[in-house]
Structure formats: C-alpha cells, structure tokens
Amino acid sequence: MYGNLLVTPTLLDSFDFASSCPPDWRDRAMAGFVTTIKREHVDYPAFVKKGRDFENRVYRTCNEAIDLEDALDNNGSKLFNKVVKAVYGSSFQDKIKKNVTVDGEKVFLFGYTDAQTEHAIDDIKTCLKWSGRDKYLGKNQHIQYLYMTGKQLFRYIVAEWESEFSNKIKSVNIIEYTNPGVDKLEKILFKRIKDMFTFIRNQGLWDDYYFTFSKN
C-alpha cells in the first residue's frame, strides 16, 4: 500500500478476539489473527459459502428488477423479501477508502460496503443462531465505515438460518447504529488501531503486517 499500514474491520475484529477472548480460546484466536496478518489460506465451513450465495442472490434480485414490486415478486420467502426491501435501490459492493495518520503512522482504511445509499450503509450477515444486538455492535465495521464515509446510519441486516444444513431463513433482524459524530468515531477507531499496533509489535508480527498484510 505504498508505505501505508492497511486497516480493515476484519483485521480489527480479529485483533479484538485475539487480545480479549477467554483463556480457553486464546490459542485459536491468536492462530486466526496470525493467519490474517500473514494472508494464509483458510478453508471456510460450508455455511460461509451459503452466506455469500445468499448475499449474491439479494444483489441479483435487486439489480435485475424493474422496480421494488418486481423485486419482491421473485418467489422468495417473506423473510428473503424483507432483506431485499431493506436494500433495494442501493449501490452494491462498493470500495471505500480513506488515508489517515494514527500515532505517527500512515494508515490506509479500506473496505467494501454490501449496500449503500446517500445517507446509509447496510451490511448483510447470515448466522446459524441469532445472538442479539451486542454481538454486532461490538464489532468495528460500523465505526470504521461511518467514519470513512460520513454517512448518518449503519445497519446490520442479519438473516438467521433454520439450521446449518437448511437454506430456509428462520428470522431477519436489523440492528441500527446512528453516527454519533466524526470526533467520537475517530476517538474510538484510532484508539483501537493504536492498541492493535502495540499488540502486533509485542507479538513480533510487525514485518508480516507491514510487508505481507499491507503489501508494502
């Protein structure tokens, strides 16, 4: 990234898990963080692909429809249509980026939005079991993306599967986070980035982070 340090929500989430998880999970969490930093290959479980296929079907349904009524008349379930209705009219899979300086380091903030409009960003998630709002509001994506774009609203749209092996949706939950102001977002985000930098250095991973993850 031409001398910049790449920061993505996925990396910050992996750092949060590795640095604060219960002791019994520490080895697994740290291994996952190292894998991310070193960009090592990961074999994801089948339900991850199922989630991606679900997102792509939502995008395709919206993009191919003449209007919202046509999009909802696609033989999808009521819950699938709830997701379609929430994001219809959005722009899908856009790159967003921002250059900042954090603790004297040049940082390149980067990500992809699942769906965005002029004032809002939506992120489509799937899960095997709905675990409540706090799981998502404890993540970094809404903080980083609202800071990068200045938009007013971020929504996690979470579709829960009936089971690991079913393609039927059990529930759809929407979690909203309103932009509290750029100063507050910057304070939260920059502290997390600084803490991550310290952690990476203490783990002896700085060269991997700089040369491999950030591709300098």
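The numbers here are math on the coordinates, done by the rules we state, and not lab data. Bear in mind that the values here come from a model prediction, so they are computed numbers and not experimental data. In this analysis, Cβ positions are derived from the backbone assuming ideal geometry, glycine residues included, and neighbour counts consider all displayed protein chains.
Each peptide among 26-39, 149-162 gets the average number of other Cβ atoms lying within 10 Å of its residues, and from highest to lowest they stand as 149-162, 26-39. For the pair I96 and R57, label points projected 7 Å from Cα toward Cβ lie 2.7 nm apart.
Amide hydrogen proximity for S214: with H placed 1.01 Å from N in the peptide plane, the residues at 5 or more positions away or on another chain lying under 5 Å are L6.
Taking the chain as the reference, fit the longest principal axis to its C-alpha atoms, fit the long axis of helix 46-64 to the helix C-alpha atoms, and give the angle between the two in degrees, 0 to 90, nearest 10. Result, in degrees: 60.
Where does helix 9-20 land angle-wise versus the long Cα axis of the chain, in degrees 0 to 90, nearest 10? Long axis of 9-20 versus the principal axis of the chain: about 60 degrees. Partner aspartates and glutamates whose Cα lies under 17 Å from the Cα of K95, excluding those fewer than 8 positions away in the same chain, are identified as E55, D114, E118, D122, D123. Remark: spin-label model distance K129-S77 equals 1.9 nm, labels positioned 7 Å along the Cα→Cβ axis.
Taking Cα atoms, how many degrees apart are the long axis of helix 26-37 and the longest axis of the chain, rounded to 10 and kept between 0 and 90? Approximately 90 degrees, to the nearest 10.
Stretched out fully, how many nm does the piece from W25 to K184 gain, at 0.36 nm a residue minus the Cα gap?
54.1 nm
Summarising the amide proton neighbourhood of D123: residues at separation of 5 or more, or on other chains, whose placed amide H is nearer than 5 Å comprise R155, Y156, I157.
Given the Cα-Cα distance of N167 and T117 and 0.36 nm per residue of separation, how much length would full extension add, in nm? Don't skip to the end; give the middle numbers.
Working: separation 50, 0.36 × 50 = 18.00 nm, distance 2.83 nm.
That pair, N167 and T117, stretches by 15.2 nm at full extension.
Between A46 and E105, the distance separating the two model label sites (each 7 Å from Cα on the Cα→Cβ line) works out to 4.0 nm.
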